[in-house]
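Step one of this worksheet: look at the structure below.
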Amino acid sequence: MAEYGNGGKDYRNYLLSYYEDAFYDDSILGAGVLSYVKRNRLMVNMCDVLVVYYNLKYKPARSNSGTKLAVEYARQRNKFVINVFK
């Protein structure tokens, strides 16, 4: 994953051409390959309700699912979790 903070304006514009918004916190800088976990935890800490699209049967080939880790973290923090996967 490229670190958003290092990408500059062009990288942000590229992301926003595909997504409504992009979240990056400077504390993630240098977090390495698990930066997505740290980013997700920051977002969970900021929310009251977590809305996800997560197939509970999904088993990634190489590691844990970032969404699964975020949902588990949110539940540990007593956040309300809505999974819109059907």
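The values are calculated or read from the model by the stated rules, or taken from the named source; none is laboratory data. Quick caveat, the model's predicted, so the values are computed rather than measured. All Cβ positions, even for glycine, are placed from backbone atoms using ideal geometry, and neighbour counts span all protein chains on display. Surface accessibility is based on the protein's heavy atoms, side chains included, excluding ligands, DNA and RNA. Shrake-Rupley method; radii C 1.70, N 1.55, O 1.52, S 1.80 Å.
Just round it to a whole percent: the fraction of Cα-Cα distances in the chain exceeding 17 Å.
Taking all Cα-Cα pairs of the chain, the fraction more than 17 Å apart is 56 percent.
Just in the chain: which GluC sites (Glu not before Pro) are loop by DSSP and have at most 12 other Cβ atoms within 10 Å?
For GluC sites (Glu not before Pro) across the chain that sit outside H, G, I, E and B with at most 12 neighbouring Cβ atoms in 10 Å, the list reads Glu20.
Over the chain, what is the relative contact order in percent, taking alpha-carbon pairs closer than 8 angstrom and at least six residues apart?
27 percent
Please list 3J(HN,Hα) in residue order for region 52-57, calculated via the Karplus relation 6.51 cos²θ - 1.76 cosθ + 1.60 where θ = phi - 60°; whole Hz, with x for glycine and proline.
10, 10, 9, 7, 4, 8
Of Lys9/Lys68; Lys57/Lys79; Lys38/Lys86; Lys9/Lys79, which pairs sit farther than 24 Å apart, going by alpha carbon to alpha carbon?
Pairs exceeding 24 Å: Lys9/Lys68; Lys38/Lys86; Lys9/Lys79.
To the nearest 20 debye, what is the magnitude of the charge dipole of the chain about its Cα centre, counting +1 on the Cβ of each Lys and Arg and -1 on the Cβ of each Asp and Glu?
About 520 debye.
What FRET efficiency would be calculated for the residue pair Leu29, Tyr53, taking the C-beta separation as r and a Förster radius of 41 Å, to the nearest 0.05?
0.90
Using a 1.4 angstrom probe and counting only protein chains, how large is the accessible area of Tyr14 in Å², to 10?
120 Å²
For Val52, which sequence-distant residues (separation of 5 or more, or a different chain) have an amide H within less than 5 Å of its own amide H, given hydrogens modelled in the peptide plane?
Residues meeting the criterion, in which the H sits 1.01 Å from N, are Ile82, Asn83, Val84.
Apply the Karplus curve 6.51 cos²θ - 1.76 cosθ + 1.60, θ = phi - 60°, to the phi angles in region 17-25 and return the couplings in whole Hz, x for Gly and Pro.
For region 17-25, the Karplus curve yields 6, 10, 10, 5, 7, 9, 10, 8, 10 Hz.
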